[in-house]
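Just below is one structure, and these are the notes that go with it.
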Amino acid sequence: MKNFASLATLCLAVCFAPAAFGWNAFGHMMVAAVAYDDLTPAAHAKVTRLLQLNPDYPKWVSRAGGADRDEVAFVMAATWADAIKSETGYQNDGDRPSVPGAARNIGYADRLQHRYWHYIDLPFSPDHTPLIGPVAPNVQTQIAAFRKTLSAAGASDALKSYDLVWLLHLVGDVHQPLHATSRFTRTQPTGDAGGNRVALCQRPCRNELHAFWDDLPGTGKKPAVAIRRANRLPRPDRAVAAIDDESKWVQESFEIAQNSVYMPPIGIGPGPFSVDGPYRNVAHRVARQRLALAGARLAHILNEAFR
Ligand SMILES: [Zn+2]
């Protein structure tokens, strides 16, 4: 406990990252679209009802036809945890999970943005720089907490709705490799915040490695387009898709980050580095696999929770 406290204190000073978004809205919609097709009738009925309790529900479905309404709501709901970062009425409580209320789970009365729920910074170093471990709450602790609520008999539908909407988003985030790591190097001894501090071009240009990976799914805001695009993702291996332990999802992303993200032409340190064609091809392939896997696993845990 003492070690944790001193680690937390150290982290207050050094280890917090600029904001990271995770897959962009288009990517999160694709993950949800994959999951939607795999829901059981029982899970479909339950999530449809719960999503109607979200304050943004009328906005989500305002342009959807009757036949598409439930799917559009489900797909849009996966973007809500990012949307509240720019909606009025929500407070930016920073990137430090040590703020009061960081780990609370109280439903829609909670107006904190909880940006630190979107990732976990498992550290590694290619040059033997001392590592600083991750702090809680983080994406892994929150996925576990929200899954528990969804299957809890005593939890209210209002709380289940809030937790469901967060879960739709975070299962996507945790499959973005850079949401599970921070790279520590001699020139970046406090970590690179999941590639947020690795430049892909000279200043004042602001492209960085994290955003490059966030945008790999493609861009756009239309749920119908994301749903169509999701249909063209590769089908994941059934046994791999059936892994339902969120700590294993984190570990996978952590390993992929080290093996497929921090690869030449991405060198050690803050850059700038220029990504080339071969890097782009690998990145696209990995991203498509991760989106498909996230969707399959999301359906799996919702089907389990709402049996
Ligand atoms: Zn996110």
Residues (within 16 Å of Leu150 (Cβ to Cβ) and either of a type in the set (Lys, Arg) or assigned to a helix (DSSP H, G or I) (or both)) located in the range 37-79: Ala42, Ala43, His44, Ala45, Lys46, Val47, Thr48, Arg49, Leu50, Leu51, Phe74, Ala77
Count of the range 91-148 residues which are of a type in the set (Ser, Thr, Tyr), at pLDDT 95 or above, touching a helix residue (DSSP H, G or I) at 6+ places or on another chain (Cβ under 7 Å) and closer than 26 Å to Phe184 by Cβ: 1
Residue match in the range 170-179 (condition: polar (S, T, N, Q) and either surrounded by fewer than 24 Cβ atoms within 10 Å (Cβ to Cβ) or in contact with a Cys (Cβ under 9 Å, 6 or more places away or on another chain) (or both)): no
Candidates Gly218, Gly267, Gly195, filtered to the one that is without any contact (Cβ under 8 Å) to a residue 60 or more places away in the chain, assigned to a loop (DSSP other than H, G, I, E, B) and of a type outside the set (Phe, Trp, Tyr): Gly267
Residue, nearest to the chain's Cα centre (by Cα), within the range 112-130, restricted to residues that are in a loop (DSSP other than H, G, I, E, B) and surrounded by 13 or more Cβ atoms within 10 Å (Cβ to Cβ): Tyr119
Failed item in (1) of a type outside the set (Ser, Thr, Tyr); (2) within 22 Å of Phe306 (Cβ to Cβ); (3) surrounded by fewer than 17 Cβ atoms within 10 Å (Cβ to Cβ); (4) within 16 Å of the ligand (Cβ to nearest atom), with Glu87 passing the rest: (2)
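The values are calculated or read from the model by the stated rules, or taken from the named source; none is laboratory data. Every value quoted in this text rests on a predicted model; they were computed, and no experiment measured them. All Cβ positions, even for glycine, are placed from backbone atoms using ideal geometry, and neighbour counts span all protein chains on display.
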